[in-house]
Amino acid sequence: MNLQNFEIVLKEVKKRLIDFKDEYYKNERAICTQIIEPLLSALDWDIYNPKEVGFEKGTEEGIPDYTLKKNDKVFLYIEVKNLSKDIESQLTQIGKYCYGEGVMYAAITNGINWLLFKSFEEGKSIRERVIWKINIQEDSEERIFKRLQTISKEGIDNLDILLEKEKLLEQTWNDIFISSDSNLIKAMLGVIKNKLISGKQIEELMPSDEEVEEFVRMKLKENFFGQQPVIEEPPITISGERKGIKIKGEFIPIDSSFEILTQTAEYLIRQKKLTKDKVPIKAGPRRYLINSKPEHRNNNRMRAPKRLSNGLYIETHYSTNRCIEY
């Protein structure tokens, strides 16, 4: 799998998703031919070879659009939806089809959002069997490449092994850094306690060891590890077709959670209510929602800044529910 070629294809796919977004909201076939198939080719699949890539034979709901095969074995089904669809709400049907066919893995995508999941695993619901999610427009090229590489022609027959390795690394990482007996947490706890003692704090204000440990654990998750990306449906769906938000009667289409924030901010800019003299706008004691530069207080960088049309920056590293709250 050629990384340089993949990056070229990914760049072109991203451009198409912007330039032809309206078309992709209603035309699933356009997504297949202009988005999915170029990416499959970049993943070294020969889309013109029926021994490698099979296509949907009918229009029955739940039948996958693509079947990826290697050495006469079916490894993966791919279901494609148009951009108006929330892919997570479509898991059940393709999951049932996979189970009936005895195929372990399936992917579902609307061109922007991709999701890989196990079709069956004892004791787990279908949402608990989700292996990874990516967003072509929001995620880094490195993350997109790493995830899609697992379903490349080269990587797919090692998918079980790759997933077990990743699971083992994740568990080991958690054991080392954020488990209750973590040496890192113990070391930081000692440093903070010594600092508090040397500062001669009032005794009644001195945090307990348990309070300091909880504070350290929270800070590690918040500032060091960050939040896991969440793919959720935006809050409003109009006529079952396009997703968006409505502000004072104006419907504004959105594709991703962060656009709840950016599009609301752009609306306020158009109304001349969000100007440079109104910032910073706080999102908490240490964080800014909007600032003149992509930084929070104490010069801490924003995690997912987006530049607005008037030159201000908005932090978008929030779940859908938090975006709605703000």
Quiz item: Does Phe55 satisfy the condition of being closer than 20 Å to Ser152 by Cβ, of a type in the set (Phe, Trp, Tyr) and touching a helix residue (DSSP H, G or I) at 6+ places or on another chain (Cβ under 8 Å)?
Solution: no
Quiz item: Which of the following residues is open to solvent by 20 Å² or more (accessible area, probe 1.4 Å) and within 30 Å of Pro305 (Cβ to Cβ): Ile161, Ile131?
Solution: Ile131
Quiz prompt | When residues of region 260-313 are limited to those that are under 21 Å from Glu250 (Cα atoms) and of a type in the set (Gly, Ala, Ser), the one surrounded by the fewest Cβ atoms within 10 Å (Cβ to Cβ) | solution = Ser309
Quiz prompt | Of residues in region 100-121 being outside any loop (DSSP other than H, G, I, E, B) and open to solvent by 10 Å² or more (accessible area, probe 1.4 Å), the one nearest to Lys146 (Cα to Cα) | solution = Asn113
Practice problem: Would you mind stating whether Pro253 is at pLDDT below 90 and surrounded by fewer than 15 Cβ atoms within 10 Å (Cβ to Cβ)? | Solution: no
Exercise. Under 6 Å between Cβ atoms, at least 6 apart or on separate chains: pull out the pairs that start in region 147-166 with a residue that is among the basic types (Lys, Arg) and end on any residue that is surrounded by 16 or more Cβ atoms within 10 Å (Cβ to Cβ) and in a loop (DSSP other than H, G, I, E, B).
Key: Lys153/Asp44; Lys153/Trp45
Exercise. Taking Lys146 as the residue in question, decide whether it is over 17 Å from Asp255 (Cα atoms), in a helix (DSSP H, G or I), of a type in the set (D, E, K, R) and out of contact with any Cys (no Cβ under 9 Å at 6 or more places or on another chain).
Key: yes
Quiz item: If Met206 satisfies every condition in (1) modelled with pLDDT of 70 or more; (2) out of contact with any helix residue (DSSP H, G or I) (no Cβ under 7 Å at 6 or more places or on another chain); (3) not small (Gly, Ala, Ser) but one, which is the exception?
Solution: (2)
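Here's the yes/no breakdown for (1) within 21 Å of Asn113 (Cβ to Cβ); (2) in contact (Cβ under 8 Å) with a residue 60 or more places away in the chain; (3) not aliphatic (A, V, I, L, M):
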site	(1), (2), (3)
Gly244	yes, no, yes
Ile254	yes, no, no
Phe258	yes, yes, yes
Gln271	no, no, yes
Asp277	no, no, yes
Lys282	no, no, yes
Met302	no, no, no
Pro305	no, no, yes
Asn310	no, no, yes
Quiz item: Any residue at all in region 164-182 that is open to solvent by less than 90 Å² (accessible area, probe 1.4 Å), modelled with pLDDT of 70 or more and either among the basic types (Lys, Arg) or closer than 30 Å to Thr109 by Cβ (or both)?
Solution: yes
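The values are calculated or read from the model by the stated rules, or taken from the named source; none is laboratory data. Model, not experiment: these values are computed from the prediction. Backbone-built Cβ (ideal geometry, glycine too); neighbour counts: all protein chains shown. Please note that ligands, DNA and RNA were not included when accessible areas were found on the heavy atoms of the full protein model with its side chains. Shrake-Rupley method; radii C 1.70, N 1.55, O 1.52, S 1.80 Å.
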